[in-house]
Amino acid sequence: MFAPETKFLVIDDFATMRKIIKKVLAELGFKNVQEADDGKTALPMLKSAANEGSPYQVIISDWNMPGLAGIDLLKACKLDPQLKGTPFMMVTAESEQNNIIEAAKAGVSDYVVKPFNAATLKTKLTNMYKKHAA
Amino acid sequence: MGAAPNVNTNPLLDRKLINAFVDGVTRTLATMASTETTTGAPTIEKEFSTKGDVAGLIGMVAGTMKGTLTISFEKEAVFQILENMLGEKYTELNDQVADAVGELTNMIYGCAKTALNEMGYGFEMAIPTVVMGKARIKSFHTGATLVIPFTCTTGKFFIEITVQT
């Protein structure tokens, strides 16, 4: 599993979902969690953290956001040499096959469909860690 | 992908549509908020009328069909659901409650949309709006409304669907 000090960025336009994800991460022992309310806000945060030598180590993002959707944030990250290796989890109500395929093609590390419970998020995080550690 | 739905059927009378939303509510509240709900009998009302104290609205678009999904909560019901979901007690309608109602609307619509699209509908995802206060809710709707009532231990909430074909 990821180390307890792992730096997370949680991106969702609804504060409630950010709160739920932070709560689950806290229960799993992760306290270094920051938030962004949209892909448009998140991208400069990700870039400046990488430039400052303190990059985010895991990105957890919603899909459906007004400014820059999660899928477009994912594509932008994969085009950026500094960000392309960062594990990227999509947490979304978009659960149709075509959405999952689009995210997989764009390089998503794992995909959690809302509604979800803490056990599901923990399992997906563990799987994502194994995938990136391999 | 299942067969395309019969376009001549009034969507408000479509059992599959009703079941998709009932399942969306039941699954979302059980998974995210450990809240059990009881579903009442669906009815069709001639005009939309406000039922709750806070509501999430989402535009439903599938080809030429346009509609609105409203999920309206009595405040006692939403306070219980949020306490179960977030582990915090709520006693007044505020921005945090509005945000949570928006996210619940998003998840419930997402669940129903997936089920309906697998049957051949083509609903698109949209971003919900939240309104608090009865007068403001009324202006979003015209025409017949499908109403599905739900009960949890402290109060009621309602799925309301209007459709223009």
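Could you name every one of the strands (runs of 3 or more DSSP E) located completely within the range B:1-102 that has at least 2 residues being of a type outside the set (A, V, I, L, M) and within 14 Å of the chain's Cα centre (by Cα)?
B:54-62, B:65-73
For the range A:3-53, give me each residue that is of a type in the set (S, T, N, Q) and under 12 Å from the mean Cα position of the chain (by Cα).
Residue satisfying the conditions is A:Q34 alone.
Report, by residue number, each residue of the range A:13-35 that is more than 8 Å from chain B (Cβ to nearest Cβ) and over 16 Å from A:K124 (Cα atoms). Spell out the reasoning first.
To start, the set of residues in the range A:13-35 that are more than 8 Å from chain B (Cβ to nearest Cβ) comprises A:18, A:21-22, A:24-35.
Within the range A:13-35, A:R18, A:K31, A:N32, A:V33, A:Q34, A:E35 meet the criteria.
Tell me whether the range A:114-133 contains one or more residues that are hydroxyl-bearing (S, T, Y), buried (at least 19 other Cβ atoms within 10 Å of the Cβ) and either touching a residue at least 60 places away in the same chain (Cβ under 8 Å) or under 18 Å from B:M125 (Cβ atoms) (or both).
No, the conditions are met nowhere in the range A:114-133.
From A:T86, A:T92, A:T120, A:T126, which residue is over 15 Å from A:D12 (Cα atoms), within 13 Å of chain B (Cβ to nearest Cβ) and either touching a His at 6+ places or on another chain (Cβ under 8 Å) or β-branched (V, I, T) (or both)?
Result: A:T120 is the single residue among A:T86, A:T92, A:T120, A:T126 that is over 15 Å from A:D12 (Cα atoms), within 13 Å of chain B (Cβ to nearest Cβ) and either touching a His at 6+ places or on another chain (Cβ under 8 Å) or β-branched (V, I, T) (or both).
I'd like the full set of residues that are more than 13 Å from every other protein chain (Cβ to nearest Cβ) and in a loop (DSSP other than H, G, I, E, B), limited to the range A:95-117.
A:G107, A:V108, A:S109
Residue under question is B:G122, and the condition is that it be out of contact with any Phe, Trp or Tyr (no Cβ under 8 Å at 6 or more places or on another chain) and either part of a loop (DSSP other than H, G, I, E, B) or facing chain A (nearest Cβ under 10 Å) (or both); does it hold? Give the derivation first.
On the way: out of contact with any Phe, Trp or Tyr (no Cβ under 8 Å at 6 or more places or on another chain): yes; either part of a loop (DSSP other than H, G, I, E, B) or facing chain A (nearest Cβ under 10 Å) (or both): yes.
Answer is yes for this residue.
Consider the range A:31-77. How many of its residues are of a type in the set (D, E), in contact (Cβ under 8 Å) with a residue 12 or more places away in the chain and either outside any loop (DSSP other than H, G, I, E, B) or surrounded by fewer than 16 Cβ atoms within 10 Å (Cβ to Cβ) (or both)? Lay out the reasoning, then the answer.
Within the range A:31-77, the subset of a type in the set (D, E) is A:35, A:37-38, A:52, A:62, A:72.
Still in the list and also in contact (Cβ under 8 Å) with a residue 12 or more places away in the chain: A:35, A:37-38, A:62, A:72.
Imposing the further condition that a residue be either outside any loop (DSSP other than H, G, I, E, B) or surrounded by fewer than 16 Cβ atoms within 10 Å (Cβ to Cβ) (or both) reduces the set to A:35, A:72.
Final tally of qualifying residues: 2.
Can you find a residue that is of a type outside the set (V, I, T), crowded, with 20+ Cβ neighbours inside 10 Å and either over 24 Å from A:K19 (Cβ atoms) or touching a Gly at 6+ places or on another chain (Cβ under 6 Å) (or both) anywhere in the range B:84-98?
There is no residue in the range B:84-98 that is of a type outside the set (V, I, T), crowded, with 20+ Cβ neighbours inside 10 Å and either over 24 Å from A:K19 (Cβ atoms) or touching a Gly at 6+ places or on another chain (Cβ under 6 Å) (or both).
Can you find a residue in the range A:22-30 that is over 23 Å from B:D95 (Cα atoms), surrounded by fewer than 19 Cβ atoms within 10 Å (Cβ to Cβ) and of a type in the set (D, E)?
Yes, the range A:22-30 has at least one match.
The numbers here are math on the coordinates, done by the rules we state, and not lab data. This structure is a prediction, so every number in the text was calculated from the model and none was measured. Cβ atoms come from the backbone with ideal geometry, glycine included; neighbour counts cover every protein chain shown.
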